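Written below as structure tokens is the structure these notes are about.
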Amino acid sequence: MIDKRVAMVLDRLRGFERPKLRLEQYETPGELVRVLLSIADAEVGLEGARVLDLGAGTGKIGIGAVLAGASRATLVDVDGDALRVARENAERVGVLDRVELVRCDVREFRGGRFDVTIMNPPFGVQRRGADRPFVRVGLEHAPVVVSLHRAGTEDFWRERAREWGAECEVVGRARFPVPAMYRHHRRRIKHVGAVVLVFRRGR
Ligand code: SAH
């Protein structure tokens, strides 16, 4: 497992200033990032790895990967406000020189090659299908994708993976806390069932 201190550092980073509902901007708690990083570490070895974080938001996953030993992380997000916070966060923990920030829609991203994509993309609740291009683009750039999705979408993803000549394994389940920062949420913290999936590209 990746060191607990990584999660603690991530939980002290700045979050979204004014989260945008349309873009499903929720932050991943440090402990859950640590789980994603630990799975990625077991899959490909994070030490010295080149990591892609799609829908990076305020950068917790990509920055966490660098703190856990990755040589570089590329953070992609369509929202410039979120990336500004991500940049500040990377600077604050002294890893800005190993972090690349790319502002674009995930569908337009063309990068180099990466060892692994680690991400928490939008769940596709606000805009149906918003999560779909993330896995496809993640797999186009790396042989392994570790990502968090809404519970209940496992069969859908297994089907897609098969179409793309990849495999999809459910490696964990989590309750994803969604704070009541949006007006339509009545309770203070609502939990959404989530699954951790690993996609492996066929060779
Ligand atoms: N990965 C971050 C944020 C998750 S929220 C974390 O774990 O804390 C999902 C992120 O995806 C948001 O930052 C949102 O701006 C971004 N996003 C939504 N649609 C996008 C798109 N089409 N292209 C790129 N980024 C997108």
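The values are calculated or read from the model by the stated rules, or taken from the named source; none is laboratory data. The shown structure was predicted, so the numbers you read here are calculated from the model rather than taken from an experiment. Please note: Cβ atoms are built from the backbone with ideal geometry, for glycine as well, and neighbour counts cover all protein chains shown. For accessibility, only protein heavy atoms count, side chains too; no ligands or nucleic acids. Shrake-Rupley method; radii C 1.70, N 1.55, O 1.52, S 1.80 Å.
A few comments on the model shown:
- Number of positions in the stretch 62-77 that are closer than 25 Å to residue 123 by Cα and open to solvent by 10 Å² or more (accessible area, probe 1.4 Å): 1
- Selected residue [under 21 Å from residue 194 (Cβ atoms), buried (at least 21 other Cβ atoms within 10 Å of the Cβ) and away from the ligand (no atom under 13 Å from the Cβ)] from 116, 135: 116
- Contact annotation: residue pairs with Cβ atoms under 7 Å, 6 or more positions apart or on different chains, pairing a residue in the stretch 148-163 that is within 15 Å of residue 119 (Cβ to Cβ) with a partner that is away from the ligand (no atom under 16 Å from the Cβ) and assigned to a helix (DSSP H, G or I), are 149/157.
- Qualifying positions in the stretch 16-34 - part of a loop (DSSP other than H, G, I, E, B) and more than 8 Å from the ligand (Cβ to nearest atom): 17, 18, 19, 29
- Unmet requirement for residue 144, which otherwise passes all of (1) out of contact with any Asp or Glu (no Cβ under 7 Å at 6 or more places or on another chain); (2) away from the ligand (no atom under 16 Å from the Cβ); (3) at pLDDT 95 or above: (1)
- The residues of the stretch 72-110 that are of a type in the set (Asp, Glu), more than 14 Å from the ligand (Cβ to nearest atom) and more than 16 Å from the chain's Cα centre (by Cα), listed by number, are 88, 91, 97.
- Odd one out for residue 59, checked against (1) at negative phi; (2) touching an Asp or Glu at 6+ places or on another chain (Cβ under 8 Å): (1)
- Close contacts from the stretch 100-123, counting a first residue that is over 13 Å from residue 75 (Cβ atoms) and a second that is open to solvent by 50 Å² or more (accessible area, probe 1.4 Å) and away from the ligand (no atom under 11 Å from the Cβ), with Cβ to Cβ under 7 Å and a gap of 6+ residues or different chains, come to 115/44; 115/50; 116/43; 116/44; 123/150.
- Residue in the stretch 16-26 that is buried (at least 19 other Cβ atoms within 10 Å of the Cβ), touching an Asp or Glu at 6+ places or on another chain (Cβ under 8 Å) and hydroxyl-bearing (Ser, Thr, Tyr) present: no
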